[in-house]
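S.K.: Please see the structure below; I have some questions.
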Amino acid sequence: MSQTWLITGASSGLGTAIAESALRAGNKVLATARNPGKAASENPQIEALGGIWVSLDVTQVETAHHVETIVRENGGSIDVVVNNAGYSLLGSIEDMSEDEIESQLSTNLKGPIRVLKGVLPFMRAQRSGTVVNISSSAGVQAFPACGMYAGSKFALEGEIKSFCSV
């Protein structure tokens with residue numbers, strides 16, 4: 001049975017691979033990217049397999065509302081959400097600007113929360129759904145020069161654990 005997937009950060013790497021795999025398995029994929037035009041030109045296989053590119057920047061405070069709109073405009077149900085958007089800010093914390101720190105946390109921690117706020121009402125109404133939050137080994141063991149990245153992933157791990165216990 002075909003499911004509808006929403007995948008953040010689908011424009012490269014793991015997000016692209018997950019999108020391709022879900023599409024090849026016969027699912028509908030809403031592949032998100034900050035720049036879907038660029039993502040489509042760099043990854044034509046997504047549309048060729050039936051995927052739909054959607055504009056989404058998880059750092060924006062209106063992300064939850066935007067996700068709700070995306071789901072409504074694409075059938076009104078969502079079966080799987082993959083919170084994959086993220087990046088690694090490396091370096092010494094004292095050398096990082098407040099904007100860099102906020103951007104790291106906004107992407108890696110607040111982004112998944114915002115997306116969940118957009119999809120959970122649909123999943124609760126359906127009484128089903130799967131949430132996959134992509135984390136990192138840095139979320140359980142930090143290393144030098146990755147304090148902010150590890151901090152964002154440690155926090156995501158805490159969110160995942162509390163979410164799973166609901």
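Bear in mind that the values in this text are calculations on the coordinates, not laboratory data. Owing to the predicted nature of the structure, the values given are computational and were not obtained by experimental measurement. A quick note on method: Cβ atoms are made from the backbone with ideal geometry, for glycine too, and the neighbour counts reach across all protein chains shown.
S.K.: Can you give the log10 of the normalised intensity I(q)/I(0) at q = 0.11, 0.16 Å⁻¹, computed with Debye over equal Cα scatterers of the chain?
M.R.: Those come out to -0.44, -0.91, one per q.
S.K.: Moving on to the next point. Please give the contour-minus-distance gain from Lys117 to Glu73: 0.36 nm per residue of separation, less the Cα-Cα distance, rounded to one decimal in nm.
M.R.: Once the chain is fully extended between Lys117 and Glu73, it gains 14.1 nm.
S.K.: Between Ile101 and Ala145, what length comes free when the chain is fully extended (0.36 nm per residue of separation minus the Cα-Cα distance, one decimal in nm)?
M.R.: 14.5 nm
S.K.: Report the extension gain between Thr59 and Glu47 in nm, rounded to one decimal, defined as 0.36 nm multiplied by the number of residues separating them, less their alpha carbon distance.
M.R.: 1.8 nm
S.K.: Mean projection of the alpha-carbon convex hull of segment 1-78 over all orientations, in nm²?
M.R.: Details: hull surface 19.0 nm².
So the mean shadow area of the Cα hull is 4.8 nm².
S.K.: Now for a separate question. With only Lys, Arg, Asp and Glu charged, each at its Cβ (+1 for the first two, -1 for the last two), find how big the charge dipole of the chain is about the Cα centre; round to the nearest 20 debye. Walk me through the numbers before you get to the answer.
M.R.: Working: 12 positive and 16 negative charges, 154 e Å.
Roughly 740 debye for the chain.
S.K.: Relative to the longest principal Cα axis of the chain, at what angle does helix 13-24 sit, 0 to 90 degrees, rounded to 10?
M.R.: 20 degrees
S.K.: Next question. Using modelled backbone amide H atoms (1.01 Å from N, in-plane), which distant-in-sequence or interchain residues come within less than 5 Å of Val54's amide H?
M.R.: Ala31, Thr32, Ala33
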